[in-house]
Structures are given as structure tokens and as C-alpha cells.
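Take a look at the structure set out below.
The values are calculated or read from the model by the stated rules, or taken from the named source; none is laboratory data. Model, not experiment: these values are computed from the prediction. Virtual Cβ from ideal backbone geometry, glycine too; neighbours counted across all protein chains shown.
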Amino acid sequence: MPEMQPAPSRKRTPSPPDAYLYIIWPGQGDRVRGAFWCRFGLRNMGVTHAGDRHPNSGHHHLLVDVTDPLDLDEPIPTDKNHLHFGGGQTEARLDLPPGKHTLQLVLADADHRQFDPPVISRKITIEVTHG
Ligand SMILES: [Cu+2]
């Protein structure tokens, strides 16, 4: 059996206990026509750009139709289902194909890693109809 390297023990960035992340719009079960703006809500923490280590602040990530749990020790992946808003944006224009989709927000630190404890919104399901 090969010798295992000890896992890196870098601690995750702490978040305040009252941090609250939520999707302002759309709401759970909403039906939206065509492309739409998704608005991000955050209480008791600040939004900054990726790479900024200011305490109690991070940048938004929107998970679209993600079912697999995120690895807490790894940066959030970057692909068409894991959208990073490293410029400090608090809204996103989404143009999803018609049908049901899930949306979930995750706040992450300067290195795109989740906070401890994680700051993650409720997952909502919406239905997109033809615009
Ligand atoms: Cu990121």
C-alpha cells in the first residue's frame, strides 16, 4: 500500500454565526419567462471580489442544477453549473432552457473555498417557460 501524504490541514475561513445567504428573486416555485435576473441576498457579511481577504466577506457563487454536494476542502468548481461572481456582483442574468431548474447560492472566501460554518442558501426550484 503506498504511503499516504498527510492531507493539508489549512483551516477554512470563519464566518459569523448570524451570516444569512438567500435568493431574493426568483422565489421558490416561481415560473419565469425566458431570461431573467437572479438577485442575491446576504445579511451580516460583506460582498467583495475574489482574492480579497477582508474579514467576514466573500463572493457569491450560484449553483444551477447541481445535485452533488460540494467538497468543503476544495475550491468551488468553475463550470456551467457553478458560476463564480468574483467581481463582487450581487445579481446575475440567467438564460436557462425551458423546464425546471434548481438554484442555490454559496458564499466563498478569497480562494473560492466555503466558510466555516458554510454560508449557503436554501435550494429553490423554478420553472422557466419560453420567453
Ligand atoms: Cu469563486
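Count of the stretch 35-65 residues, restricted to those that are touching a His at 6+ places or on another chain (Cβ under 9 Å) and away from the ligand (no atom under 14 Å from the Cβ), is 4. Can you name every residue in the stretch 80-115 that is part of a strand (DSSP E or B) and within 10 Å of the chain's Cα centre (by Cα)? Once the filter is applied, which keeps residues that are part of a strand (DSSP E or B) and within 10 Å of the chain's Cα centre (by Cα), the stretch 80-115 yields 82, 83, 84, 85, 103, 104, 105, 106, 107, 108, 114.
Among the numbered conditions (1) at pLDDT below 95; (2) among the aliphatic types (A, V, I, L, M); (3) within 13 Å of residue 60 (Cβ to Cβ), the only one that residue 23 does not meet is (1).
From the list 77, 118, exactly one residue is at pLDDT 95 or above, in a loop (DSSP other than H, G, I, E, B), touching a Leu at 6+ places or on another chain (Cβ under 9 Å) and surrounded by 14 or more Cβ atoms within 10 Å (Cβ to Cβ). Which is it?
Numbers: 118 fails: in a loop (DSSP other than H, G, I, E, B).
The conditions single out 77.
Scanning the stretch 66-88 for residues that are free of Cβ contacts under 8 Å to residues at least 40 places away in the same chain, among the aliphatic types (A, V, I, L, M) and more than 11 Å from the ligand (Cβ to nearest atom) yields a single hit, 66. Screening the stretch 92-115 for residues that are within 16 Å of the ligand (Cβ to nearest atom) and of a type in the set (D, E, K, R) and picking the one that is surrounded by the fewest Cβ atoms within 10 Å (Cβ to Cβ) gives 111. For the stretch 15-31, a residue qualifies if it is in contact with a strand residue (DSSP E or B) (Cβ under 8 Å, 6 or more places away or on another chain), in a loop (DSSP other than H, G, I, E, B) and of a type outside the set (Ser, Thr, Tyr), and the qualifying residues are 17, 18, 19, 26, 27, 28, 29, 30.
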